[in-house]
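Comments concern the structure below.
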């Protein structure tokens, strides 16, 4: 029997899936793993929850007055802080993305999938989509918790909590995804460079927490020292937080750069999305380069 | 698998053709050198060699994980460089380190494998049940493998490599680190799969394993194939079983004297007799039968024998016979996964 006949016999046996089916299969696997691994889900929520509750309870009285002066009478520290916590929770989930990649490499699942006919791109796209779905779900939970805190504190209405209504909520989800991409890419870069889950997590924390304080997340930019204001200007967290905050407070809150070309909240949202898009291109590009290298069969 | 496809595969030419395959890592390590190989469909073939001999690197070039630096590999009629996806669809691969997703149940692991290999949805449920039964995991199908023993995880790994009924399965040191019972159990499964017409490609450090399973095997050393033959033919190069005598006072003179006595006893006229650190060793087809007579002969010559053993030839003996050096002299820096499997097992 010739090799072509052998090949034909083989072809009857197995054919790979289309690219989209591979994306869907990968997505399902990662979501299933996330649900199964309840400690990861819990961990991803606990830090943002603790931050939101402690910060509002400890600093709420102190910061409440100045916040009201800056943003208006119906803005409390809870409504000011919730957008930051939404961004924080997205970063925690993004940190886990790189750790999941390391787990797959250490458990041999990564090679196992590389030996299968799964499309290389689908392997990574499906996983990224699963991460984004987790981020959207956790964002929803933070938004609910924020409102519960507001209601307990001051009995504020949903209307004062999210000024732009249902469209604003959808906008928040969209902004969080746009924001999370660069940090998801960063966490995967850290994972591929360090090849170690603990080191990758340390990289992520080292970037995450200093950048959070040097941004508009916890206090208005104007009260930060000059050098921190400078850091805040080139800090993607500022843009992520301000875009979510603009949607929730229904006003232009971006102060690190002065944009007036649009109207109202768009003076914050449009420049923020552009800046975040640049970060996504840079970090996403590096991550894709490294992922392609690790998935390639070329000897290194 | 139908009898007809089985028949066709058995009758066909080659599952793997390798021509002048070289693989050099960027640090200059020549892990695989000039490998030439033709493995017919249906054969149970093995690579036998010590850690670092290049077994894992070679298998990784066959399964498209590594691109050969030079030469060509054709698997099931597809070129690994030109048509890697067709190769991947047509093979099953079990890596040296056990590769299962511990967050998914045994059933979900197999189901995921079915999905990525595009096993038709219609037959999937039965296929999964059949595989669970084949590897004796049906009663723990809905448990997560984190609580499984090393052998159970390996069996689950085997099942996931078989979902698409590949005509060719690669097993990279499938039993390293397993206890003897788990090893026997896996051997049974491998034989069963091979009997259904599947070509099997195995790497191992154990002659016993290659002997037990393989129709043919290649001895690999420093990335080169130094002998390819049936296990019996290779073992016959050693000259039979090894009979070791330990003397109470093994000075050089005593050992030489003992060697002479053995030679003159007439028991092992055609066999290799060599002095060892402890006394003397004989490689002979009838080592087991003549052992007691030899002891008597030695006692009559005035020797005090403190140790006596007869064993089958090991990888070391085969290596010694073929290359003149022992397998364990090799360094283990080429096949890096050898270390990872150790940690995976001890975990």
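Key figures
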| read-out | value |
| --- | --- |
| Of all residues making up the stretch B:91-120, the number that are more than 7 Å from chain A (Cβ to nearest Cβ) and in contact with a strand residue (DSSP E or B) (Cβ under 6 Å, 6 or more places away or on another chain) | 4 |
| Answer from A:260, A:238 - the residue that is more than 13 Å from residue A:178 (Cβ to Cβ), modelled with pLDDT of 95 or more and either in contact with a helix residue (DSSP H, G or I) (Cβ under 6 Å, 6 or more places away or on another chain) or in a loop (DSSP other than H, G, I, E, B) (or both) | A:238 |
| Residue satisfying condition, being at pLDDT 85 or above, loosely packed, with under 13 Cβ neighbours inside 10 Å and in contact with a strand residue (DSSP E or B) (Cβ under 8 Å, 6 or more places away or on another chain), within set B:302, B:279, B:307 | B:307 |
| Odd one out for residue B:88 among (1) more than 8 Å from chain A (Cβ to nearest Cβ); (2) more than 20 Å from the chain's Cα centre (by Cα) | (1) |
| Among the candidates B:159, B:133, B:138, residue that is in contact with a helix residue (DSSP H, G or I) (Cβ under 6 Å, 6 or more places away or on another chain), surrounded by fewer than 18 Cβ atoms within 10 Å (Cβ to Cβ) and either more than 30 Å from residue B:317 (Cα to Cα) or assigned by TED's automatic domain parsing to the domain that holds residue B:40 (or both) | B:138 |
| Test: residue in the stretch B:195-207 that is at pLDDT 90 or above, buried (at least 23 other Cβ atoms within 10 Å of the Cβ) and either out of contact with any strand residue (DSSP E or B) (no Cβ under 8 Å at 6 or more places or on another chain) or in a helix (DSSP H, G or I) (or both) | no |
| Hits in the stretch A:60-75 - residues which are in contact with a helix residue (DSSP H, G or I) (Cβ under 8 Å, 6 or more places away or on another chain) and without any contact (Cβ under 8 Å) to a residue 60 or more places away in the chain | A:64 |
| Unique match (being under 27 Å from residue A:137 (Cα atoms), surrounded by fewer than 18 Cβ atoms within 10 Å (Cβ to Cβ) and touching a residue at least 24 places away in the same chain (Cβ under 8 Å)) among A:49, A:80, A:55 | A:49 |
| Single residue of A:122, A:128, A:94 found to be part of a helix (DSSP H, G or I), within 14 Å of chain B (Cβ to nearest Cβ) and either in contact with a helix residue (DSSP H, G or I) (Cβ under 7 Å, 6 or more places away or on another chain) or buried (at least 18 other Cβ atoms within 10 Å of the Cβ) (or both) | A:122 |
| Hey, residue B:192 surrounded by fewer than 16 Cβ atoms within 10 Å (Cβ to Cβ), farther than 30 Å from residue B:33 by Cβ, in the same structural domain as residue B:43 (by TED's automatic domain parsing) and more than 16 Å from the chain's Cα centre (by Cα) or not | yes |
| Residues within the stretch A:29-46 that are surrounded by 16 or more Cβ atoms within 10 Å (Cβ to Cβ) and in contact with a helix residue (DSSP H, G or I) (Cβ under 8 Å, 6 or more places away or on another chain), tallied | 10 |
| Residue match in the stretch A:179-192 (condition: in a helix (DSSP H, G or I) and more than 16 Å from the chain's Cα centre (by Cα)) | yes |
| Residues of the stretch B:221-265 classified as modelled with pLDDT of 90 or more and within 21 Å of residue B:194 (Cβ to Cβ), total | 3 |
| Selection within the stretch B:143-153 - within 14 Å of residue B:99 (Cβ to Cβ) and touching a helix residue (DSSP H, G or I) at 6+ places or on another chain (Cβ under 6 Å) | B:145, B:150, B:153 |
| Filter pass, residue B:156 being within 14 Å of chain A (Cβ to nearest Cβ), over 21 Å from residue B:87 (Cα atoms), in a helix (DSSP H, G or I) and in contact (Cβ under 8 Å) with a residue 12 or more places away in the chain | yes |
| Number of the exception - residue A:19 against (1) more than 9 Å from chain B (Cβ to nearest Cβ); (2) at pLDDT below 90 | (2) |
| When residues of the stretch B:159-184 are limited to those that are more than 12 Å from chain A (Cβ to nearest Cβ) and part of a helix (DSSP H, G or I), the one nearest to residue A:111 (Cα to Cα) | B:159 |
| Residue check, residue A:4 at pLDDT below 90, part of a helix (DSSP H, G or I), surrounded by fewer than 19 Cβ atoms within 10 Å (Cβ to Cβ) and within 14 Å of chain B (Cβ to nearest Cβ) | yes |
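The values are calculated or read from the model by the stated rules, or taken from the named source; none is laboratory data. Everything numeric here is computed off the predicted structure, so don't read it as measured data. Cβ: placed from backbone, ideal geometry, glycine included. Neighbour counts: every protein chain shown.
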